[in-house]
1. If I ask for residues that are modelled with pLDDT under 95 and surrounded by fewer than 16 Cβ atoms within 10 Å (Cβ to Cβ), which ones from segment 85-106 would you list?
2. Which of (1) within 21 Å of Q117 (Cα to Cα); (2) among the charged types (D, E, K, R); (3) without any contact (Cβ under 8 Å) to a residue 60 or more places away in the chain; (4) open to solvent by 50 Å² or more (accessible area, probe 1.4 Å) does K65 not meet, given it meets every other one?
3. Given the conditions (1) under 16 Å from G116 (Cα atoms); (2) open to solvent by less than 70 Å² (accessible area, probe 1.4 Å), report the number of the one that R45 does not fulfil.
Amino acid sequence: QVQLVESGGGLVQAGGSLRLSCAASGRTFSRYFMGWLRQAPGKEREFVAAINWSSGSTYYADSVKGRFTISRDNAKNTVYLQMNSLEPEDTAVYYCAAEVNNGRRLRDPHAYDYWGQGTQVTVSS
C-alpha cells in the first residue's frame, strides 16, 4: 500500500502563490508516476500535473502550463506543486495521487491507484 499526505493549501488573492507538498510512503513499483489533480465544487475531478518519479519528466494541463511547476525530492519521498499567478478558477481541493501502471493515461483521474486526503486551495478576487 502507498500512503500519501498533502499539506500547504490555503487562501490567497489572485496573482499570489502557494506551494503544496505530498509526503509518500509504502511499497514501490516498477513504474511510478506522481500526480496532482483537483476538484472544484460541483465539477468533475481533473488532471493538473504529473511527474515520472525516476526520470523527472513532467506533464501539465493546458490550464496551468507556465504557471505551475511539479517537482520531487527522492531523498524525502516528497512531491511538490509550486503554484504561481493563481486565478479564482484554480480554487479547488487538490489531491496528490500515484499511478503505478504504464503512465499512458495520466490525464484521466480514474487511472490513478492511490490518493491522498486532499488540501483546499482558495483564490479570491
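1. Selection gives N101, N102, R104, R105.
2. Failing condition for K65: (1).
3. All conditions are met except number (2).
The values are calculated or read from the model by the stated rules, or taken from the named source; none is laboratory data. The model shown is predicted, which means the values in this text are computed figures rather than measured ones. Cβ atoms come from the backbone with ideal geometry, glycine included; neighbour counts cover every protein chain shown. The accessibility values were calculated without ligands, DNA or RNA, using every heavy atom of the protein model including side chains. Shrake-Rupley method; radii C 1.70, N 1.55, O 1.52, S 1.80 Å.
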